[in-house]
Amino acid sequence: MADGTTPLASNLVHNPPLHCRRYGDRGPTVFLLHGGPGAPGYMAPVARQLSAVARVIEPYQRRSGASPLTVATHVSDLHALISAECSAAPPILIGHSWGAMLAMCFAGEHAGVAASLVLIGCGTFDSAARERLLQIREERMTPAMHERKARFLKRFSEPDARLRAMGSFYQRLDSVDPITHRDETAEFDARGHDETWTDMLRLQDKGVYPTAFSGIKSPVLMLHGAQDPHPGPMIRDSLSPHLPQLQYVELADCGHYPWLERAAREEFYNHLTAWIHTN
């Protein structure tokens, strides 16, 4: 298995170059898109597992720089990378959380470039789903968790360090029974997170998303934990009018990170492997 970090010259100036890691050397090409935004590297366990059946490319999405990050920037970066890597056959896009949203944004703009899409723990596309997400998290918070969160917010004033601490906090809150694992997130970019997410909300408010997903003709699979606080049925229902081909699979005893869930990880990988073989 090859595992390297390679720079990609970008067509966008005044910003840092994109990097990626590669796994495996046979089978269809899979692009594995991390969430956050601004938290690359944590999907390495999924990349390693899938490298047995696919050639996996794990991009580190662009960090913040001189120009504010936008959804269009990330879509352009992904298009440049796919164009450079996939001359023979279209790739499969597998995205987690924000990465699932990015996969659809890309496929909506570049019809036919992706063979298929897999949305893992997809993010929200309307205020009602976001309010439900916050409500579920609040219902799960114990007094001890509230105290721990307050300590983190007080202790970590530097933005990237705070994003790291809160990411770890919410990963545990959003999980059911996670296996012991090492966090492989390479870096955190709080400014990039805020810039990208602000632009996504702007585009949703304008009605661009999810409407633009009607241009996606590729097969789409949505894998969602039944206990993921991101409300899967609400997110599915917001996408279905624009993606009639969407297949929704709910994983029992599973939160936001299926590959880390003791009860669900085997079923999760079985779904991914079967999808890669047939799409």
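The values are calculated or read from the model by the stated rules, or taken from the named source; none is laboratory data. Keep in mind the model is a prediction, meaning the values are calculated, not measured. Backbone-built Cβ (ideal geometry, glycine too); neighbour counts: all protein chains shown. For the accessible areas, the whole protein counts, side chains as well, though only heavy atoms, and no ligand, DNA or RNA atoms are used. Shrake-Rupley method; radii C 1.70, N 1.55, O 1.52, S 1.80 Å.
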Length-normalised contact order of the chain, Cα under 8 Å, at least 6 apart, in percent, tallies to 20
Let me see the P(r) profile for segment 217-279: every Cα-Cα distance counted, bins of 5 Å, each bin given as a percent of all pairs. 4, 18, 27, 22, 20, 9, 1
For segment 101-247, the Rg and Dmax computed from alpha carbons only, in angstrom: 16.9, 49
Could you work out the relative contact order of segment 191-279, using alpha carbon pairs under 8 angstrom and six or more residues apart, expressed as a whole percent? 25
Beta bridges by DSSP in the chain, antiparallel share as percent, to the nearest 5: 30
Given the options V71, G41, S87, identify the residue whose Cα lies farthest towards the positive end of the charge dipole of the chain (+1 on Cβ of Lys, Arg; -1 on Cβ of Asp, Glu). G41
Run the reach check for K217 against aspartates and glutamates, Cα to Cα strictly under 16 Å, same-chain hits fewer than 8 apart removed. What comes back? E109
Three-way shape call for segment 73-130 based on the alpha-carbon gyration tensor, with the a/c threshold at 1.5: prolate
Taking the chain as a Gaussian network, where each spring joins two C-alpha atoms under 10 Å apart, which residue of P143, P231, P258 fluctuates the most? P143
Considering only protein heavy atoms and a 1.4 Å probe, what is the carbon-and-sulfur percentage of the accessible area of the chain? 53
Per residue accessible area of segment 56-132, 1.4 Å probe, in Å²: 28
Straight-line reach from K149: which aspartates and glutamates fall under 17 Å, measuring Cα to Cα and dropping same-chain residues less than 8 apart? E138, E139, E158, D160, D174
For Kirkwood radius over Cα pairs in Å, one of [x] 20.0; [y] 20.5; [z] 18.9 was computed from the structure I shared and the rest are decoys. Which label? [z]
For the chain, with a Gaussian network of springs between Cα atoms less than 10 Å apart, report the residue from G123, G167, G255 with the top mean-square fluctuation. G167
Distance in nm between R151 and E138 label points, each 7 Å along Cα→Cβ, equals 2.4
Karplus (6.51, -1.76, 1.60) ³J(HN,Hα), θ = phi - 60°, over segment 48-64, in Hz, Gly and Pro reported as x: 4, 5, 6, 5, 6, 10, 8, 8, 9, 10, 10, x, 8, 4, 3, 7, 5
